[in-house]
Amino acid sequence: MKNLTLSSTVKLNNGIELPYLGLGVFQTRDGVEVVNSVKWAINAGYKLIDTAKIYGNEKGVGIGIKESGIDRKEIFLTTKVWNSDQGYDNTLKAFDESLRLLNVDYLDLYLIHWPVKGKYKDTWKALEYLYEKGKVRAIGVSNFLSHHLEDLLGTAEIVPMVNQIEYHPYLTQPSLIEYCKSKNIQVQSWSPLMQGRIFEIEPLVNLAQKYNVTPAQLVIRWNLQNGIVTIPKSIHEDRIKSNCNVFNFNISEHDMGIINNLDRNERIGPDPDHFDF
Ligand code: NDP
């Protein structure tokens, strides 16, 4: 763990390398805002960009990647199939639309955004098809609890490579993480900074001072040391740069314990068993 860098990757269950740290673009506006965020991130050395059809900014993400001048192959690009696009045929259509907006001819990771009851198994079949056709290098899910995964694995031919879940100091979901580990499914954290709320949590502010880092750097590093891939979002160049500057310090085991113990099983986003969208 001590030797991680911004280019470090974790090997997924199909052998594909997923960067440990990326840029999230939820609530980043399409157009200049997302184009700049993506360009600043790539210039700072980020290799992973996480978007979704529902974010409405895939076009700008594609432009940002192009304008950064980096080779497309150097970037690990994730997007997600939205709930209203689920089902076999609709997912295939949504995938093509995402490729068109992103202006790319393949994806690195395609995720089922939420476990829509009665639909996610057909959606998964479509993802398996896209994977087998070589249109996407890895496929996965998001917001799946253990029982959703268990149900999916009952019929799946391919075990998801990733489960992207809400994960931060107030929500660590240890049993779900253990379950994912047992199936070799990599956990990726969304809202690692609690959408900004971490800055009000005193023990985090105090620990950050101790390490002479920002609370964001502390929490991002805590994710990585727990083996969780993470995708903090920012639209500010200075924050994008500083959020990836987390490879020159190490949180002690004792202090990792302090952060782990902040868990309150408290969500800032919807509960995957009770969402209505
Ligand atoms: P984050 O936890 O990443 O927090 C983002 C917020 O923190 C923004 O308000 C940002 O402000 C602020 N921030 C970022 N860095 C700093 C800093 N260094 N100092 C002070 N403030 C900072 O929230 P997200 O919900 O965006 O989660 C991250 C990503 O996860 C998303 O962008 C998306 O890609 C993914 N996601 C996936 C979901 C899913 O269902 N699969 C659900 C939600 C998110 P500013 O931008 O103004 O800098």
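The values are calculated or read from the model by the stated rules, or taken from the named source; none is laboratory data. Just so we're clear, the structure is a prediction, and the values are computed from it rather than from any experiment. Reconstructed Cβ throughout: ideal geometry from the backbone, glycine too, with neighbour counts over all protein chains shown. Each accessible area value is taken on the protein alone, full model and side chains, heavy atoms only, with ligands, DNA and RNA left out. Shrake-Rupley method; radii C 1.70, N 1.55, O 1.52, S 1.80 Å.
Here is how the numbers come out for the structure above:
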quantity: Pair list, Cβ < 6 Å and 6+ apart or interchain, from the stretch 191-215 residues that are under 18 Å from THR172 (Cβ atoms) to residues that are polar (S, T, N, Q); calculated: PRO192/ASN223; PRO192/THR230
quantity: Qualifying residue in the stretch 64-71 (condition: open to solvent by less than 20 Å² (accessible area, probe 1.4 Å) and of a type outside the set (Asp, Glu)); calculated: yes
quantity: Per-region count, the stretch 198-218, residues among the aliphatic types (A, V, I, L, M) and either in contact with a His (Cβ under 9 Å, 6 or more places away or on another chain) or within 7 Å of the ligand (Cβ to nearest atom) (or both); calculated: 2
quantity: Selected residue (criterion: least open to solvent (accessible area, probe 1.4 Å)) from residues of the stretch 202-218 that are polar (S, T, N, Q) and touching a helix residue (DSSP H, G or I) at 6+ places or on another chain (Cβ under 7 Å); calculated: GLN217
quantity: Matching entry among LYS241, LYS183, LYS210 (being closer than 23 Å to ASN13 by Cα, modelled with pLDDT of 95 or more and of a type in the set (Lys, Arg)); calculated: LYS183
quantity: Among residues of the stretch 1-21, those that are in a strand (DSSP E or B) and in contact with a Cys (Cβ under 9 Å, 6 or more places away or on another chain), counted; calculated: 1
quantity: Residue that is least open to solvent (accessible area, probe 1.4 Å) [pool: residues in the stretch 8-27 that are of a type in the set (S, T, N, Q) and more than 14 Å from the ligand (Cβ to nearest atom)]; calculated: SER8
quantity: Residue in the stretch 28-44 that is surrounded by the fewest Cβ atoms within 10 Å (Cβ to Cβ), counting only those that are over 17 Å from the mean Cα position of the chain (by Cα) and of a type outside the set (A, V, I, L, M); calculated: GLY31
quantity: In the stretch 79-129, the residues that are open to solvent by 10 Å² or more (accessible area, probe 1.4 Å), in contact with a strand residue (DSSP E or B) (Cβ under 8 Å, 6 or more places away or on another chain) and hydrophobic (A, V, I, L, M, F, W, C); calculated: LEU99, VAL104, TRP114
quantity: Residue tally, condition in a helix (DSSP H, G or I), charged (D, E, K, R) and within 12 Å of the ligand (Cβ to nearest atom), over the stretch 28-39; calculated: 1
quantity: Qualifying residues in the stretch 238-277 (those that are under 19 Å from the mean Cα position of the chain (by Cα) and aliphatic (A, V, I, L, M)) - the one surrounded by the most Cβ atoms within 10 Å (Cβ to Cβ); calculated: VAL246
quantity: Selected residue [within 14 Å of the ligand (Cβ to nearest atom), of a type in the set (S, T, N, Q) and surrounded by fewer than 17 Cβ atoms within 10 Å (Cβ to Cβ)] from GLN188, GLN195; calculated: GLN195
quantity: Matching residues in the stretch 219-237 - criterion: being near the ligand (Cβ under 8 Å from one of its atoms) and either free of Cβ contacts under 8 Å to residues at least 12 places away in the same chain or surrounded by fewer than 21 Cβ atoms within 10 Å (Cβ to Cβ) (or both); calculated: ILE235, HIS236
